[in-house]
Amino acid sequence: MGLAMKNFLFGVLSVSSLALLIFSGTTGYTLYAQDASNKLNMLEIVISNLIARVEALEKRVSVLEKNTSAGASKAPKKEASIKESPKSSLTNGFEDIGNGFFVRNARFNPFGTNVLFTGDIANRSEKNYRFAKFTLEIYDDRDLLVKKEEFTVPDLPKDSVKPFEAMLIGVETGLINRYVIKAIE
């Protein structure tokens, strides 16, 4: 029994040292796999956060649509006055950006090393847009173009107002001195 125990211990030690050799030889791969796993977990968290934000936006839009349809008797008068004076640069808090689109509450919020651009877009054109496309130009304090970015606002029917957001990669809020938004036909 003593000999069997010694053989067993020797076998365990041999297997342990072999496992240690294998582990030390694959440490780089193990660390790489762990790093990749961590990145996947982070991506899952970011995606689930984005899904939650989209769902929250959808709820806000449906509430806005219900409010707009409930106040339909008052809305046409305001819309008519906006349509009568489309050349005015500011209309009811909105800035005219061309092609019947207006923007208000434009904000640039730091988002890690990026910037989240948010606001409201009003479609006062005669068209319903499944996807309305816009360009955003950002200028620094020397009035040099820092970034030109395109973004899309989905489901923007005529006579509606929708919140929007666009992620600007590689821009710091401190660089933003002035911006220009244009509708793309």
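The values are calculated or read from the model by the stated rules, or taken from the named source; none is laboratory data. Because the structure is predicted, anything quoted here is derived from the model rather than measured. Here Cβ is always computed from backbone atoms with ideal geometry, including for glycine, and neighbour counts include all displayed protein chains.
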| Residues located in region 113-128, provided they are more than 19 Å from Tyr179 (Cβ to Cβ) and crowded, with 22+ Cβ neighbours inside 10 Å | Asn123
| request: Could you grab the pairs with beta carbons closer than 8 Å, sequence gap of 6+ or different chains, first residue in region 135-163 and farther than 17 Å from Ile181 by Cα and touching a residue at least 40 places away in the same chain (Cβ under 8 Å), second one aliphatic (A, V, I, L, M) and assigned to a strand (DSSP E or B)? | output: Ser160/Ala122
| task | Determine which member of the set Val146, Val180 is over 22 Å from Gly93 (Cα atoms) and of a type in the set (Val, Ile, Thr). | result | Val146
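Can you tell me which residue within region 172-185, out of those that are without any contact (Cβ under 8 Å) to a residue 60 or more places away in the chain, under 23 Å from Phe111 (Cβ atoms) and hydrophobic (A, V, I, L, M, F, W, C), is surrounded by the fewest Cβ atoms within 10 Å (Cβ to Cβ)?
Only one residue fits best here, namely Val180.
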| field | Conditions (1) of a type in the set (S, T, N, Q); (2) under 26 Å from Glu185 (Cα atoms); (3) out of contact with any Gly (no Cβ under 7 Å at 6 or more places or on another chain); (4) at pLDDT 90 or above: number failed by Ser125 | value | (3)
| remark: Inside region 80-112, the number of residues satisfying the requirement of being modelled with pLDDT of 85 or more, in contact with a helix residue (DSSP H, G or I) (Cβ under 9 Å, 6 or more places away or on another chain) and surrounded by 15 or more Cβ atoms within 10 Å (Cβ to Cβ) is 4
